1. Can you work out the accessible area per residue across the protein assembly as shown, with the rest of the protein chains kept in place, probe 1.4 Å, in square angstrom?
2. Compare the Cα positions of A:GLN107, A:TYR61, B:PHE320 along the charge dipole of the protein assembly as shown (+1 at Cβ of Lys, Arg; -1 at Cβ of Asp, Glu; about the Cα centre) and return the one farthest towards the positive end.
3. For Cα pairs less than 8 Å apart in space and 6+ apart in sequence, what is the mean separation divided by the residue count of chain B, i.e. the relative contact order in percent?
4. May I ask you to evaluate 6.51 cos²θ - 1.76 cosθ + 1.60, the Karplus curve with θ = phi - 60°, for each residue of the stretch B:141-153 and list the ³J(HN,Hα) values in order in whole Hz, giving x for glycine and proline?
5. Pick out which of B:ALA126, B:ALA98, B:ALA265 has the largest mean-square fluctuation in a Gaussian network model of chain B, springs linking Cα atoms closer than 10 Å.
6. Restrict the search to the stretch B:198-245; then list the GluC sites (Glu not before Pro) that DSSP places in a loop and that have at most 14 other Cβ atoms within 10 Å of their Cβ.
7. Once you've got the GNM for chain B with C-alpha springs shorter than 10 Å, pick whichever of B:ASP193, B:ASP11, B:ASP228 has the biggest mean-square fluctuation.
8. Would you grab the residues whose amide H sits under 5 Å from the one on B:SER245? Only those 5+ places off in sequence or on another chain, please, with H modelled 1.01 Å from N.
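The values are calculated or read from the model by the stated rules, or taken from the named source; none is laboratory data. This is a predicted model, so every value here is computed, not measured. Note: ideal-geometry Cβ built from the backbone for every residue, glycine included; neighbour counts use all protein chains shown. All accessible areas refer to the heavy atoms of the entire protein, side chains included, with ligands and DNA or RNA removed. Shrake-Rupley method; radii C 1.70, N 1.55, O 1.52, S 1.80 Å.
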Amino acid sequence: MFQAILFYFYAAILVAAALGVVFSRNPVHSIMLLVLAFFNSAILWLMAEAEFLAIVLVLVYVGAVMVLFLFVVMMLEVNIEAAKRGLIRYAPLAIAIALIMVVELVQLIWLRGQLAELPGVFVAYPEGYDNTKALGSVLYTEHVYAFEIAAVILLLAIVSAITLTMRKRPGLKVQKIAEQVAVRSEDRVRIVKMKSEKKS
Amino acid sequence: MSNLVPGFIVDIWDWLPASVQYVTIVTWKILYVTVGVILAVAYSTYFERRVIGSMQGRIGPNRVGPFGLLQPFADVLKLLIKEVIIPSKSNRFLFIIAPLLSLTPALAAWAVIPLNDTFVIADINAGLLYVLALTSVGVYGVILAGWASNSKYAFLGAMRSAAQIVAYEIAMGFALVGVLMAAGSLNLGDIVDAQAGGVSHWFIVPLLPLFFVFWISGLAETNRAPFDVAEGESEIVAGFHVEYSGVAFAIFFLAEYANMVLISALTAIFFLGGWASPFESWTFLEDVQVLGWLVHGGFGWLFAKICFFMYTFFWLRATFPRYRYDQIMRLGWKVFIPVTIIWIFVEGAMAWMHVGPWSGLAN
């Protein structure tokens with residue numbers, strides 16, 4: 001009972017925050033609402049005793065991805081009028097995509113309901129259950145190839161992003177740290193021996 | 001103990017349901033830790049001013065109370081009675097909420113810090129991840145403060161801070177991967193237990209490079225000198241909190257120092273054995289009457305280690321000039337991340353070859 005109340009409370013905040021992301025005029029407000037939505041889904045995962053997933057969601061999405069989003073959005077000059085015109089133009093497409101997703105989700109849940117009895121409450125794990133260990137023992141044994149392929153794809157993304165943005169501009173002055181560190185006084189200072197001059 | 005408390009109070013306590021008893025105890029623990037952290041923050045400011053004062057051949061605050069010991073309270077009172085000015089073109093809601101967003105994670109992270117072998121508010125499995133997640137959330141306060149102020153200087157400070165914190169968080173996370181490999185657990189209490197047995201068993205011995213990476217990244221994450229470009233008072237006035245005054249500024253100040261104490265405590269727990277005594281293996285000391293207490297671990301040792309790291313914070317601030325921004329980025333991405341990755345490989349090899357008592361992977 002208590003668990004159900006908590007679940008609906010956080011689920012309601014999650015849905016409200018998600019709606020706020022879409023309807024908020026100010027993109028910075030949208031991002032902060034998205035952060036709130038992430039936090040609430042993390043709480044729901046915590047209630048399902050998936051603490052590793054919950055904390056990693058906060059760590060990766062809230063702590064890194066959304067910070068970069070905020071970084072980009074803050075630097076945009078927000079033109080609300082233009083955004084409004086765009087809203088009407090893109091609305092039919094957006095509604096169509098949303099409808100397809102809703103239909104798919106409902107169908108999935110309905111199918112799962114047909115196949116097996118869905119539990120109405122979160123599964124209670126025995127004491128001493130460690131979600132992190134359980135995930136790790138599956139991830140590095142059964143799904144190790146999928147895991148490694150995902151890692152390689154991410155590496156590829158990093159390399160290609162850097163290659164796309166790296167360009168050689170002519171006339172750019174670059175500091176060569178290794179050369180600066182390796183420099184010796186003999187390279188820079190020339191000691192000139194000369195006889196003392198006589199006073200004329 | 002129980003005969004000190006009147007009988008009827010014990011009866012009332014026993015009559016309460018278990019959940020209420022639990023909530024009461026946890027609330028007391030939270031109060032205990034929060035008040036402790038805030039007091040520690042107050043005296044850190046005094047400590048800092050005295051340390052830097054003596055390093056620069058000055059005296060530092062010595063007028064309010066004996067040796068200036070009441071100076072923090074005078075400062076707090078001054079900040080409390082000042083006016084909070086909200087810039088007219090600022091985003092009011094975000095402007096007010098930003099200091100709170102930076103203080104809350106700094107205090108909430110203390111929930112999983114074990115202060116001695118029994119006292120911890122929340123003894124959770126993934127404690128290390130929790131700490132990492134909360135320290136990374138603290139950056140929102142800084143970024144939003146910079147944006148909501150509607151000021152160029154504040155905005156520049158926020159930009160610098162965001163890029164810097166994201167860069168150093170990765171190095172910090174990799175350094176902690178090394179710690180969790182050595183300890184074989186994400187629970188902070190277990191990490192301290194894995195270092196039992198004296199100085200040679202502390203993780204600073206096998207993980208010395210990771211210790212330096214973690215500590216310097218901690219400096220950068222808290223925006224302290226020499227990485228304080230987010231404030232950079234000689235370049236961008238005061239950075240992200242240039243528009244803040246009074247209590248709102250005090251909260252930013254509190255958050256910064258609470259984060260410093262937190263990083264000090266974490267470094268002590270991860271690399272210097274937390275509340276464990278450095279003389280744990282010298283059991284012969286127990287026979288000496290005066291020195292017997294040195295062998296046993298406890299909060300005192302953790303406190304001493306935190307004080308040492310706080311001193312190092314101030315020492316570094318008084319010693320080094322501010323880093324140039326591109327060099328900060330270079331240090332984070334091109335030096336620290338490769339160092340941590342290489343050392344994780346070295347550590348894996350050590351665990352595989354059963355070198356040292358720390359190889360948690362072996363068992």
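1. Working: 33890 Å² over 563 residues.
Heavy-atom accessible area per residue stands at 60 Å².
2. B:PHE320
3. Values: 529 pairs, mean separation 75.7, N = 363.
Reported as a whole number, the value is 21 percent.
4. Running phi through 6.51 cos²θ - 1.76 cosθ + 1.60 with θ = phi - 60° gives x, 5, 5, 5, 4, x, 6, 6, 5, 6, 9, 4, 5 Hz.
5. With Cα springs under 10 Å in chain B, the top fluctuation among B:ALA126, B:ALA98, B:ALA265 is at B:ALA126.
6. Details: sites: B:GLU221, B:GLU231, B:GLU233, B:GLU235, B:GLU243; in loops: B:GLU231, B:GLU233, B:GLU235, B:GLU243.
Taking the stretch B:198-245 and a limit of 14 other Cβ atoms within 10 Å, the loop GluC sites (Glu not before Pro) found are B:GLU233, B:GLU235.
7. In this elastic network of chain B, the residue with the biggest mean-square fluctuation among B:ASP193, B:ASP11, B:ASP228 is B:ASP11.
8. Those qualifying (amide H under 5 Å, at least 5 residues apart or on another chain) are B:ILE85.
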